[in-house]
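Single-structure report; data block below.
Throughout, read-outs are computed from the coordinates displayed, never taken from laboratory work. Note that this is a predicted model, so its numbers are computed, not measured. When we count neighbours, we look across all protein chains shown, and the Cβ atoms used for this are built from the backbone with ideal geometry, even at glycine.
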Amino acid sequence: MRYFILLIFVMLSCNSGVDDFYKTSHTEDIDVLPLIKPYRLWTPIANWPAWALDFKKPVSVDTDLHVSQMQVCEINVSNGIIYGHCAHQSSAMNNSYFVIVPDSNVEKIFGSREAWDTYLSARNANSDVLYDVNEVYTRFNEKGYKELPWNAGIKQ
């Protein structure tokens with residue numbers, strides 16, 4: 001009995017250092033995929049698999065278009081940078097690429113792959129490494145935050 005109680009204590013303490021933000025795969029009626037706190041992808045359960053990302057403030061795509069949210073198909077988190085894209089946008093945002101640097105309050109949308117590549121390369125992030133959001137979410141939902149490709153960057 002003593003070993004059983006010790007085992008439970010050890011199991012509980014192993015996860016105690018990770019913020020609940022990174023452990024939650026769904027809330028009431030939405031599925032969520034944590035990126036870097038407070039950023040996460042989300043989708044209404046009834047609308048799965050259309051994943052959305054909310055920006056903290058409207059972001060300019062062109063001089064006349066500002067968005068506060070965009071659909072995301074592929075994503076990565078590296079060196080404190082969240083980046084990705086989705087090719088299935090409205091005609092105004094076809095093939096938009098984005099970068100978020102939470103520590104610097106940077107939120108950018110790029111209209112071209114070249115500009116996005118250049119920006120990421122200057123910050124030592126590999127734009128060629130992107131993960132399908134649905135595949136990442138499936139692994140995360142089944143096995144937890146340790147299955148996130150970027151879990152090494154999760155602050156404990």
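³J(HN,Hα) across the stretch 22-38 via Karplus (A = 6.51, B = -1.76, C = 1.60, θ = phi - 60°), whole Hz, x for Gly/Pro?
Values, residue by residue: 8, 9, 8, 9, 6, 10, 3, 10, 9, 8, 10, 10, x, 10, 10, 3, x Hz.
May I ask you to list the lysines whose Cα is less than 19 Å away from that of K56, ignoring any residue fewer than eight positions away on the same chain?
K56 reaches K37, K108.
Would you list R139, R40 from fewest to most Cβ contacts within 10 Å?
Listing R139, R40 from fewest to most nearby Cβ atoms yields R139, R40.
Using the 10 angstrom Cβ neighbour count as an exposure proxy, how do W42, W150 rank, fewest first?
Ascending Cβ contact count within 10 Å gives the list W42, W150.
Order these by the 10 Å Cβ neighbour count, fewest first: K37, K57.
Listed from fewest to most nearby Cβ atoms, that is K57, K37.
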